[in-house]
Every structure is written in C-alpha cells, then in structure tokens.
Amino acid sequence: MNIRILFPRLLIGCFALCVTGSMAAQSSEADSRQTRTALDPNGATRLETEIAAPTLGEERRPRIVGSVPSTRPEPMVAGRFDRLLLTAIESHLGSSYHFNTTGPETFDCSGLVWRTFQEAGISFTRGPARSYWATFAPATKAEESKFGTLVFFSGLTHVGIVADEKGFYHSSRHHGVVYSPFDEYWLSRIDGFRRVPLESMPAPAAKAKPRVAKPATKALDVEAGNEP
C-alpha cells in the first residue's frame, strides 16, 4: 500500500482512539460519583454529591441543648449531714398527708420533720410544731435561709424545712409532702425559724412509727387544721 495513503489513515485512527478513551474515562468518573453513597442522619442512603447540601427539613430542625429545667430548684447543701437530710426529704416527696403520722407512707408536718432528721442521724423527741419551737434555739439571720433550718407558720401550728431563701419542704394537708416557694401566702404567715443542733438530742423516740395509741392533744389538733 502506498505510504502516502497509509499515514493519514493512521493519524485519523489514533485521533479516534484518543477521543473514545477520553469519553470512556469521563463516563467512568461520572458513574463512580453516582455509585459512592453515604448514610444521612436519618439512616437513609443517598448519593455523596447530595451530602454537601442539607435538606430543608434538616435546616429547620430545632436544636435541643441540655434538659428541661426542673420546677423545684436544687438546694445548696454542704457537708455529709445536709446530703443525708436532702436524700431523706426527697425520698418522701409525693407522700400523702395524714394527721399524727410519721411515715413511712404518710406524714403530718411535724412528723415529716421528725422522720427526715431521724433518717439523717439526728434524734429528738417527736412532738407537734409548737414543741420544736420551744426545744430548739432561734436561727441567726444568716441561718434563716440555710438548708435544714426549721420554719414555723400560723401561730406555731405548721412547720417545714427550709430549702433555701426561695422555698421550703413540708407536708401540706391538701398536697402531701411537697416543695413550696416562699410566696406571699407563706411569707405573711411566718412566725420564725429554729435550728436543730447536729449533735444527737436527749430522749430520742424509739422508732419511726405512727402514734395511734393515744388520742391527739389539743396542740396537735390545732396543727392539723391551719395550713393548705
């Protein structure tokens, strides 16, 4: 064959092969991009090229950081006794009110005070709120808002345990063992504050059982009827 005819044909053939190879490479690369997949946060499989552009639903999804705050603030406690007392109080939150009982399922206001201090390791004679007022020393101004201080209401007919300057724990006649804020109602009824000494008191009660053998005294009758 004449070399003048063969050489142009070889050039055309090489050019055709180069063009075909280039098109095949581009097609392979495109196919490779389409076959690379990933999982989105919802667990669905999608193309990798879609990952860089989040869906509208993802852009508008609300971000939740932390937990919902509790309506009952956590009191500031210091020392082993405070922690024991707080644990005892919290273990009885939600218990119902029943006159002249000291738990473990039902409490009146002074019974809750007696039971929780007993469980924290402090013993004293079980009695009505009025007897605690007479037994324990007045709290200082700084101690009035300190966790564990006793707070008295309505002519010494009701008693609770201070959580902090914002509220207190008590056994309410209508709501049982609860945390209550020092709102206008309670602030207008405060008689004063007492502190229970951390050393054991004389004449401790034998056991934390409801006292049902004896009839209620007049002081206890008053205690049961003058708080919400």
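Here are the numbers for this structure:
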{"item": "Contour minus Cα-Cα distance for Glu165 and Glu199 (0.36 nm per residue)", "result": "9.8 nm"}
{"item": "Hydrodynamic radius (Kirkwood) for the range 113-197, which is based on Cα pairs only, to one decimal in Å", "result": "12.9 Å"}
{"item": "Computed label-point distance, nm, for sites Arg80 and Ala137 using a 7 Å Cα→Cβ extension", "result": "2.3 nm"}
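Coordinate-derived values only; no laboratory data. Note that this is a predicted model, so its numbers are computed, not measured. So basically every Cβ, Gly included, is an ideal-geometry build from the backbone, and we count neighbours across all protein chains shown.
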